[in-house]
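*Asks:* I'd like to ask some things about the structure below.
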Amino acid sequence: MALMPIITAPDPRLKVRSEAVGTVDDAVRKLLDDMLASMYAAPGIGLSAIQVGVTKRVIVTDVAADDEPRAPLFLVNPRIVRFSDDMALYNEGCLSLPEHYAEIERPEGITVEYLDRDGAPRSLDAGGLLSRCIQHEMDHLDGILFVDHLSAIKRNMILRKLVKARRQKASA
Ligand code: GNR
Ligand code: NI
């Protein structure tokens with residue numbers, strides 16, 4: 001399984017809206033497997049294809065705790081068909097915004113319809129961290145980062161720090 005480098009903001013590629021997958025074939029399965037390996041290596045609890053430069057509506061997640069068995073989930077062409085009325089706050093991170101975190105409010109629960117790794121249609125009711133992670137990943141598929149849910153002041157502060165960190169890394 002090949003590890004794929006993860007794109008960090010600011011980068012115009014992260015703002016692109018991803019395209020639906022036609023059929024879940026071996027090439028899509030290889031993408032899913034490479035994304036999962038890259039997510040575990042990062043380490044992270046979710047990854048969208050756009051973060052590795054592929055503009056397909058494909059996400060992987062595994063929100064199992066470190067002392068639990070792995071529980072990978074592959075979602076192709078995900079569509080949220082229910083948002084709960086109750087909202088929740090969570091301190092979000094993002095592999096494309098390394099070392100930055102912010103409290104983001106989202107619906108607590110969702111129902112998501114998607115194609116699994118075999119191309120079979122599935123429906124999943126999620127709450128808690130899984131719901132949070134799927135909503136965060138689905139934002140990526142529409143070119144949205146968690147900082148886009150913040151005020152322009154907070155967003156630009158984080159983006160400026162990322163530019164500065166990248167400059168320092170490049171000249172180190
Ligand atoms: O690893 C990740 N942790 C995380 C924590 C809170 C809310 C969302 C996430 S997803 C993130 C990995 C990532 O950037 N996925 O796009
Ligand atoms: Ni992210």
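Every number here is computed from the coordinates shown, using simple stated rules; none is lab data. These numbers were taken from a predicted model, which means no experiment stands behind them. No Cβ is skipped: glycine too gets one built from the backbone with ideal geometry, and neighbour counts run over all protein chains shown.
*Asks:* So how far, in whole Å, is the C-alpha centre of the range 6-21 from the one of the range 106-172?
*Replies:* One Cα centre to the other: 11 Å.
*Asks:* Which of the three applies to the range 107-163, rounded, prolate or oblate, going by the alpha-carbon gyration tensor with a ≥ b ≥ c and a/c under 1.5 meaning rounded?
*Replies:* Judged from the Cα gyration tensor, the range 107-163 comes out prolate (a/c at least 1.5, a/b above b/c).
*Asks:* Same structure again: Mean residue ellipticity at 222 nm from the helices of the chain, using -39,500 (n - 2.57) per DSSP H segment of n ≥ 4 over the full residue count, to the nearest 500 deg cm²/dmol?
*Replies:* So the calculated ellipticity at 222 nm is -9500 deg cm²/dmol.
*Asks:* Considering only lysines 8 or more places apart in sequence, or on different chains, count the pairs in the chain whose C-alpha atoms sit under 22 Å apart.
*Replies:* Within the chain, the lysine pair count is 7.
*Asks:* Looking at the range 33-96, which trypsin sites (Lys or Arg not before Pro) are DSSP coil and have at most 12 other C-beta atoms within 10 Å of their C-beta?
*Replies:* On the way: sites: K56, R57, R70, R79, R82; in loops: R57, R70.
Loop-located and lightly packed - R70.
*Asks:* For the range 54-69, in order, what is each residue's ³J(HN,Hα) by Karplus, 6.51 cos²θ - 1.76 cosθ + 1.60 with θ = phi - 60°, in whole Hz (x at glycine and Pro)?
*Replies:* Those phi angles translate into 10, 8, 10, 7, 9, 9, 10, 9, 7, 9, 5, 5, 4, 9, 10, x Hz.
*Asks:* Which distance in nm do the two modelled labels at S171 and A152 give, with both placed 7 Å along the Cα-to-Cβ direction?
*Replies:* 2.9
*Asks:* May I pose another question? Using a Gaussian network model on the chain with a 10 Å cutoff between Cα atoms, which of T23, T61, T111 fluctuates the most?
*Replies:* With Cα springs under 10 Å in the chain, the top fluctuation among T23, T61, T111 is at T23.
*Asks:* Taking 0.36 nm per residue of sequence separation and subtracting the Cα-Cα distance, how much length would be gained by fully extending the chain between D11 and L124, in nm to one decimal? Provide the component values of the computation, followed by the final result.
*Replies:* Values: separation 113, 0.36 × 113 = 40.68 nm, distance 3.18 nm.
Here the answer is 37.5 nm.
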